[in-house]
Every structure is written in C-alpha cells, then in structure tokens.
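A.B. asks: Structure provided below as structure tokens; questions to follow.
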Amino acid sequence: MHTPSLVNWMTSGLKLVSFASLGSAILCLDALAQPVPNVPVPIEYFGLHIHRADVGTTWPNIPFGSWRLWDAYVGWQQLEPKRGQWDFSRLDKYVAMAALTKVDLLLPLAMTPQWASARPAEASGYSSGNAAEPRAIDDWRNYVEMVGTRYRGKIKLFEIWNEPNAKDHYTGNVEKLVELTCEAHRILKGIDPGIRIVSPAVVGATQVQYLDKFLSLGGKNCIDVVGYHFYVPKLRPEAMVPVMRDVREVMRRNGLQDKPLWNTETGWWIANGDGTPDHPMVAKGGWKKLDLDREAGEYLEHAFLLARAEGVERFYWYSWDNPYGLGMLDPTSGKPKPMVEAWRRTVSRLLGATDLKCGQNGKDWTCSFTNRTGSQVVVAWSSN
C-alpha cells in the first residue's frame, strides 16, 4: 500500500496512522532528541554479531552493513595463545567474507591470554586470566601492532575491550583502561591514520558514570567514536531512550558532543521455535523472554527506530547465531526465527530514510520519517 501521505508498515501489532488522522496529536508529543545531522540512514547502521561464520552458520540472508567480531573467537587469547605463536586463520576468513559482501568490520581488542595476564588464575566470563589487564604493556603493544599491521586497509574500526565495567570482562582499573586505549590509538593511527578507535563500551542503564570517569581521565583524547551497550534486558526498547540521553550528556560534559555514538551491542532473549531448551544463563538473569511470533519483531523494529531518532549512528544487534536464546536462528535446527522477516522489513523501510523523529505521549509512541522515495511514514504503537 503506497499513498503520498503514508507508506504501510507491514508488521503485526503496529498501528498504521496517517498524518490527517493524527491531527494536532502529533504536535503535543514530547519530541525526542535528534542530536546528529539529518543524513540518510546508511546500511552500516544495521549491524550484526555473527559467532561462527566460518563453521556451522550460514551467512545471513538479510541486508546488513556492519559486523562486530565479538564472541567470534578472534580475541587476543585466540590470536596469540602462546607468546609469539600467532593464529590468524579464522580472522583471515572473516576479513575475506567481509570484503566479498562489502560489510564493515569492527574488531574489539580484548581478552588477555593467560600467559600475558596480570592475574592468570583469575576467573572470568571466558577463560582464566582473560578479564585481567596484561601484566606487561609491551605485550599489549605488540598485539595491537601485529593485528593493525596485518589488516592494514582491511580492518579500519577497532574497539578497545568489551564491557569493562562488568567484572567477568575486565578486572583492571579505569586508569589502566585509559592507558591501553591510548597506546592502541597511538599505534593504530601510526599504521593508518584513517583507522577509527571506538571507546570501551560500557554496559548497563545505571553505569554511565563509568564512561564519564574513563573519558575524564584522558580516554576522551584517544577515541574517535563513543561506544555503549544499551541493553535493557528486562524492559521494552523505549527504556533505552533515557540511557542514550544520559550518555549524550556525559559526552557533552567531556567535550565530545560532536563525536559519533554507536550502540555496539544490544539484543533480547527470544523464544526458540525448535524445542531447544532455554539456557539457564539468561533465565537466571531475569531477562524478559520475547514470544517467537510477534514480540521479537516488534522489539527489533522499535529499537532501530528509537535509537536512530536519538542520534545513534550504528546499532549492532546481538546476535545472528547466539546459541543461548539471544539469536535470530533456532539453536538446534538453524532455522531463521520470524523476526528475520521483521529485520528485512525494517531495513527496507529505513534504509535511506531522513527526518526520523520519535515522540512519546504517555504510553503511546510515534515515529515519523521520510523514506528514500520521498513518501512520509508514521509508525505508532503503545507500550502497554
């Protein structure tokens, strides 16, 4: 359905509204912030995590432009399992895949190998010692230089560490994190001035002060992009909005209001359709489980709309093939979940869109934008 005033948003549960029927109601909404230039939504906005692209997972048959290589088995401990013994076989494959499909790679530099760890016996969310900072800064420098040099011109986006405020990912102090970031910045910019450095991505709606401390201690001088993980696992996507605004305020206080803001990881727990039992990890964490047929697709669409309206330049969804219930594929059968169709529709509608704005009136939300053909679209829903 296509008229000059409205393009149909073909998704169950979304209310289709014309500008005429909204009338003055759209004017009384509290408009959300739009702090970045009004540029068309690029394909790079739609990012993914793919864990096993080289084995066991079919390449996604959905449009996306960015790939973050976290939980993809190419951390420091996999690349250099023993001092000086390097294994780039998997990362080489990923780089070749990205080149063939014209997907932008973001490589996190993180996860200290046990041999290099300041606390090699310390438990982490992965293997022993991974969450500790390196014992010797020269080991970190060598790792960064080796990776940056090998993939010069092929990987131009690097992120320093992952969720450093979570103890299962990082147990060092903020001062050491600033040092690691600034050393990586110095080395990588020396290899290729066009490389961009993404800040360590903090996770948690109440953890914005950690980002503030990192930036104020000097981290702000060594990054090109501010990264954050806007997870709200027990809530609806609308709950991301105040967190995004808090992060924007921290950026402003540190003089980074003109830097890009990226959501480098966010997703929700999604029901499985192939009988695979729920993983106790997400169940124990109290995550809200989205039903397979409707909720997951709606959360995905609303999240992309709201984040873009708040000025987020990239959104890396977690994930395509996560086996613990956060994936878009059923874990055992590998069959795509219904939300895959919602992804296709969302990208089709938003790619190239401009003038994207969202507003709230109580529990009612409305987003509007001009699509790439010049037609205006309004999407409305209730958070009930």
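The values are calculated or read from the model by the stated rules, or taken from the named source; none is laboratory data. Everything quoted here is computed from the prediction, not taken from an experiment. So basically every Cβ, Gly included, is an ideal-geometry build from the backbone, and we count neighbours across all protein chains shown. What goes into the accessible areas is simple: the full protein's heavy atoms, side chains included, and nothing from ligands, DNA or RNA. Shrake-Rupley method; radii C 1.70, N 1.55, O 1.52, S 1.80 Å.
A.B. asks: Considering only C-alpha atoms, what is the centroid distance from the range 97-147 to the range 68-90, in Å?
C.D. replies: 7
A.B. asks: Related question: Once you have the Cα-Cα distance between R252 and W86, take 0.36 nm times their residue separation minus that, and quote the gain in nm to one decimal.
C.D. replies: That works out to 55.7 nm of additional length.
A.B. asks: In whole Å, what are the Cα extents of the range 146-195 along the three principal axes, biggest one first?
C.D. replies: Extents along the principal axes: 33, 17, 16 Å.
A.B. asks: Right, another one. Take every Cα-Cα pair in the range 31-166 and report what % of them are more than 25 Å apart.
C.D. replies: Percentage above 25 Å: 34.
A.B. asks: Kirkwood hydrodynamic radius for the range 167-209: how many Å is it when counted over pairs of different Cα atoms?
C.D. replies: Here the Kirkwood hydrodynamic radius works out to 12.0 Å.
A.B. asks: From the backbone phi of the range 118-131, what are the Karplus-calculated ³J(HN,Hα) couplings (6.51 cos²θ - 1.76 cosθ + 1.60, θ = phi - 60°) in whole Hz, Gly and Pro given as x?
C.D. replies: So the J values, rounded to whole Hz, are 5, 9, x, 8, 6, 5, 8, x, 10, 9, 4, x, 5, 7.
A.B. asks: Still on this structure: Taking amide H positions as placed in the peptide plane 1.01 Å from N, state which residues far from Y318 in sequence (5 or more) or on other chains have amide H under 5 Å from it.
C.D. replies: Amide H neighbours of Y318: T266, G267.
A.B. asks: Sticking with this one: Diagonalise the Cα gyration tensor of the range 56-109 and give the resulting equivalent ellipsoid semi-axes, square root of 5 times each eigenvalue, largest first, whole Å.
C.D. replies: 23, 11, 10
A.B. asks: If you scale each eigenvalue of the Cα gyration tensor by 5 and take the root, what three semi-axes come out for the range 201-319, rounded to whole angstrom and sorted largest first?
C.D. replies: 30, 15, 11
A.B. asks: Using only the Cα atoms of the chain, construct the convex hull and provide its projected area averaged over every direction, in square nanometres to one decimal.
C.D. replies: For the chain, the mean projected area of the Cα convex hull comes to 18.5 nm².
A.B. asks: Using a 1.4 angstrom probe and counting only protein chains, how large is the accessible area of K289 in Å², to 10?
C.D. replies: About 90 Å², rounded to the nearest 10.
A.B. asks: Grab the beta carbon distance between K284 and N384, set R0 = 30 Å, and tell me the FRET efficiency rounded to 0.05.
C.D. replies: Details: r = 28 Å, r/R0 = 0.93.
So the FRET efficiency works out to roughly 0.60.
A.B. asks: Sort the range 210-256 into rounded, prolate or oblate with this rule: let a ≥ b ≥ c be the square roots of the eigenvalues of the Cα gyration tensor; rounded if a/c is under 1.5, and if a/c is not under 1.5, prolate when a/b is larger than b/c, oblate otherwise.
C.D. replies: Because a/c hits 1.5 or more and a/b exceeds b/c, the range 210-256 counts as prolate.
A.B. asks: Among DSSP beta bridges whose residues both lie in the chain, state the antiparallel percentage, nearest 5.
C.D. replies: Antiparallel: roughly 45 percent of the beta bridges in the chain.
A.B. asks: Roughly what angle does helix 240-253 make with the longest principal axis of the chain, taking Cα atoms, 0 to 90 degrees, to the nearest 10?
C.D. replies: With both axes taken from Cα atoms, the answer is about 60 degrees.
A.B. asks: Can I ask one more? Volume per residue, Å³, of the convex hull around the alpha-carbon atoms of the range 289-384?
C.D. replies: Hull volume over Cα atoms, normalised by residue count, gives 104 Å³.
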